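See structure below.
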There are 4 protein chains.
Amino acid sequence: MLTDVSQFLIRLGADFHRRGWVLGTSGNFSVVTSREPLRLQITASSMDKGRLQDEHFLEVDENGKKIGGTVGKPSAETLLHIAVVRATGAGSVLHTHSVWSTVLSDVYAGDGGFEIGGYEMLKGLEGVTTHEHREWIPILDNNQDMAQLAVQASALLRSRPQTHGILIRQHGLYTWGKDLEEAARHVEILEFLFESVGRRRMMEPINEKVRG
Amino acid sequence: MLTDVSQFLIRLGADFHRRGWVLGTSGNFSVVTSREPLRLQITASSMDKGRLQDEHFLEVDENGKKIGGTVGKPSAETLLHIAVVRATGAGSVLHTHSVWSTVLSDVYAGDGGFEIGGYEMLKGLEGVTTHEHREWIPILDNNQDMAQLAVQASALLRSRPQTHGILIRQHGLYTWGKDLEEAARHVEILEFLFESVGRRRMMEPINEKVRG
Amino acid sequence: MLTDVSQFLIRLGADFHRRGWVLGTSGNFSVVTSREPLRLQITASSMDKGRLQDEHFLEVDENGKKIGGTVGKPSAETLLHIAVVRATGAGSVLHTHSVWSTVLSDVYAGDGGFEIGGYEMLKGLEGVTTHEHREWIPILDNNQDMAQLAVQASALLRSRPQTHGILIRQHGLYTWGKDLEEAARHVEILEFLFESVGRRRMMEPINEKVRG
Amino acid sequence: MLTDVSQFLIRLGADFHRRGWVLGTSGNFSVVTSREPLRLQITASSMDKGRLQDEHFLEVDENGKKIGGTVGKPSAETLLHIAVVRATGAGSVLHTHSVWSTVLSDVYAGDGGFEIGGYEMLKGLEGVTTHEHREWIPILDNNQDMAQLAVQASALLRSRPQTHGILIRQHGLYTWGKDLEEAARHVEILEFLFESVGRRRMMEPINEKVRG
């Protein structure tokens, strides 16, 4: 019998897969099930997010070690989920790989991130109350050493506690929320903003670009 | 038991969400249920438009005050729906946030709007009978003071009564119709035209752009 | 009870609407039901192609006059369907409005059309056996006088009998086939080619474009 | 009664058709059913991949001759499937026609291929363990002589055994896997990478392009 959380994640995976945000078994989703001790329900490594089933979810402890679930093993990126939960107090972390997030994470890598300002949709991010908000999207270099990447993400989030999402270069988005619903909303909001920023940049008058 | 209007809005919300026009709880939909006194059925604030349910609709009076419905409260943008209904006599108002409307609302903000001319699809706008029609799409600056924005929209619509839709800068589209079906058609027509205008602009010969 | 043709058209309308090729009641579909005398089953004017029902189809005679069906009236564009059927012997004519066909019909209007060559997908057009085929896509100026446009289309098709589709400027595509299945395939093939040509053009090295 | 393989292929065809990767009866899918002697289950020529049915699959021998199945005949491209199976030991070969693969296969044709490096999604390709991997995507000229193209593909795959996919110019993608699931994942991964590479290229600063 499926829990509400599992049903939500299965539906979310199908929708994100259709949109092209978790193609080819990419991405992973987690929800905090206990704070003390820390426990997460997280998608097992290498599952097709478009066709998740109840047995594709694992339970992991505060070190990312599997302590429940039947099929598969935790992804190495579980450490990044735990780092985000610890640094932000989030109740859910979602990691996706979209084309626009991947492209922008590369275009702006040299600047260490980019700013999104002036969009009404920013108000979909928790705690943002005006379109005049300026959201900095930090970009971390990609790294196959997930423990190292987790340390970098933790340091980043402690120095910039207002952050709502992190891009990893040519890799994808990490975002989160107090619960699964908020985290899912943050994915939609950030993906909308990334596509808007990307298309807006392509519409700039060419003469400005040539001079720029 | 769902009314026909609620069924239509639920289906419309799911379709618009799939197309990326109301991501992350953005957008709101209203239908006039009474003229004297003025009453609107409107989506409650912060609902996921992709999964509307009957209890997500409220009834509001001519001041945007909730007078019926069980869950949630009216969005601040209810005032803009009422302003549009009063100025145009519309029976339904739809507000959406698409990437193309957002991008164009920013690209052409300095001109206060842009003209769409020569497209057969313009004939999908009520009262337009030839592709030679030239539709002016006005752009209002975004503003968190919805009462002020409603006054601006009213003034604009009274001075340009032929308007079929308004863009709010980096925010989205307001369009309307004599009934819900016509308003829904206007969303599809305007979104088609925005994407066509945007892509057409990107196809302009570069040498013209460099010289321009 | 639905005929197979009606079932196919209802499914096709829903698919094309989802893809954004017949938004806002645009487009119309016809199938020849008799040659002598000429009779067509055609979608009634102003129907939402995403939600066609059996009563949205009319029967028209060789002059485009309604001789069967319950709801609505024939579109003025019925004359263009009849002109195509007479000039080509087609068993089905499909008219769609996509963003890419609209944009290309404008970009290349000054040349009276454009050539598509070298694509394997060209082999999906009836009678084409190699990717080395060069398909000329003629563009007619848009015109609200459908009788005049029908005469122009007839003349064009008699002078270029190998044509598989015609664009009307800033309006959309007419294509056809010996039966409904072939006409539907031609829509998919031509839409694929239009998007490929459009995106390819945008990828051209800028320096070539500046020099060009 | 459908086998699991047929069910998977029917679902895959519907999904790929929806994404625009097998429009207009393009594409074909195969699965090895026996190694000694070599036997493949393969889609019959000219079937709509969006609506595959059990009778649309054929069995062919090591020469591409039909030895089982009721409807239709093998596509000429069956020879290419067999060449890939022989050269790589694959258990499944998938051939698709997307807009992005078509456009890139033309843009980079003069270089004989292009390199994709630095993307996390590369790890979705079998045997790739780091984003620092550099995948060379070879491009073969298109050719209506499939026997000749099969010889070229075989030679290419023997000289570059690490290859995960081949583009045929202005035609489409061939990719494969040890089984159908892996081959399907490779399609999603490569299509994601093609779109990312294409959009990234379009975002390059114009001044670099003008100087380039």
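Going by the conditions given, is residue D:72 on the phi > 0 side of the Ramachandran plot and modelled with pLDDT of 95 or more? When the stated conditions are applied, residue D:72 does not pass them.
Could you grab me the full set of residues in region B:185-199 that are among the aliphatic types (A, V, I, L, M) and open to solvent by 10 Å² or more (accessible area, probe 1.4 Å)? If you could, list the steps in order and put the result at the bottom.
First pass over region B:185-199, keeping only residues among the aliphatic types (A, V, I, L, M): B:187, B:189-190, B:193, B:197.
B:197, the sole residue that qualifies.
Take the conditions (1) among the hydrophobic types (A, V, I, L, M, F, W, C); (2) buried (at least 23 other Cβ atoms within 10 Å of the Cβ); (3) more than 10 Å from the chain's Cα centre (by Cα); (4) within 11 Å of chain A (Cβ to nearest Cβ); residue B:202 misses just one of them, which is (2). When C:90, C:83 are checked against the criterion of being part of a helix (DSSP H, G or I) and either within 14 Å of chain B (Cβ to nearest Cβ) or closer than 19 Å to residue C:177 by Cα (or both), C:83 stands alone in meeting it. Here region C:25-39 is the region considered, the condition is being in a loop (DSSP other than H, G, I, E, B) and of a type outside the set (Ser, Thr, Tyr), and the residue that is surrounded by the most Cβ atoms within 10 Å (Cβ to Cβ) is C:27. Exactly one residue out of A:195, A:182, A:191, A:208 is within 14 Å of chain B (Cβ to nearest Cβ), part of a helix (DSSP H, G or I) and modelled with pLDDT under 95: that is A:208. Would you call residue A:117 touching a residue at least 12 places away in the same chain (Cβ under 8 Å) and open to solvent by 10 Å² or more (accessible area, probe 1.4 Å)? So residue A:117 passes the test. The set of residues from region D:80-104 being more than 13 Å from the chain's Cα centre (by Cα) and crowded, with 21+ Cβ neighbours inside 10 Å comprises D:99, D:100, D:103, D:104.
Can you say whether residue A:6 is open to solvent by less than 50 Å² (accessible area, probe 1.4 Å), at pLDDT 95 or above and assigned to a helix (DSSP H, G or I), as far as the supplied structure shows? Yes: the conditions hold for residue A:6. Of the residues D:122, D:94, the single one that is in contact with a Phe, Trp or Tyr (Cβ under 8 Å, 6 or more places away or on another chain) and within 25 Å of residue D:18 (Cα to Cα) is D:94.
Per this entry, residue C:24 is counted among residues that are modelled with pLDDT of 95 or more and at positive phi.
Against the numbered list (1) facing another protein chain (nearest Cβ under 9 Å); (2) assigned to a helix (DSSP H, G or I); (3) open to solvent by 20 Å² or more (accessible area, probe 1.4 Å), residue A:110 comes up short only at (1). Within region D:122-148, residues that are within 11 Å of another protein chain (Cβ to nearest Cβ) and open to solvent by 30 Å² or more (accessible area, probe 1.4 Å) reach partners that are among the small types (Gly, Ala, Ser) and part of a helix (DSSP H, G or I) with beta carbons closer than 9 Å, at six or more positions or on different chains, in the pairs D:141/D:109. For residue D:42, are the conditions met, namely being free of Cβ contacts under 8 Å to residues at least 40 places away in the same chain, crowded, with 18+ Cβ neighbours inside 10 Å, away from every other protein chain (no Cβ under 14 Å) and touching a Leu at 6+ places or on another chain (Cβ under 7 Å)? In short, yes. Does residue D:116 count as away from chain A (no Cβ under 13 Å) and within 28 Å of residue C:117 (Cα to Cα)? Here the answer is no, as residue D:116 does not meet what is asked. Only residues that are closer than 17 Å to residue D:11 by Cβ and in contact with a His (Cβ under 9 Å, 6 or more places away or on another chain) were counted in region D:151-185, giving 1. For region C:13-24, filtered to residues that are under 15 Å from the mean Cα position of the chain (by Cα) and crowded, with 21+ Cβ neighbours inside 10 Å, the residue that is nearest to residue C:191 (Cα to Cα) is C:21. For region B:45-70, the set of residues classified as in contact (Cβ under 8 Å) with a residue 40 or more places away in the chain and either part of a strand (DSSP E or B) or crowded, with 16+ Cβ neighbours inside 10 Å (or both) consists of B:52, B:57, listed by residue number. Within the set A:167, A:156, the sole residue that is surrounded by 20 or more Cβ atoms within 10 Å (Cβ to Cβ), away from chain B (no Cβ under 14 Å) and within 28 Å of residue A:33 (Cβ to Cβ) turns out to be A:167.
The values are calculated or read from the model by the stated rules, or taken from the named source; none is laboratory data. What you see is a predicted model; the values in this text were computed from it and never measured. Don't worry about glycine lacking a Cβ; one is built from the backbone with ideal geometry, like all the others, and counts go over all protein chains shown. Just so you know, the surface numbers come from the protein's heavy atoms only, side chains and all, with ligands and any DNA or RNA stripped out. Shrake-Rupley method; radii C 1.70, N 1.55, O 1.52, S 1.80 Å.
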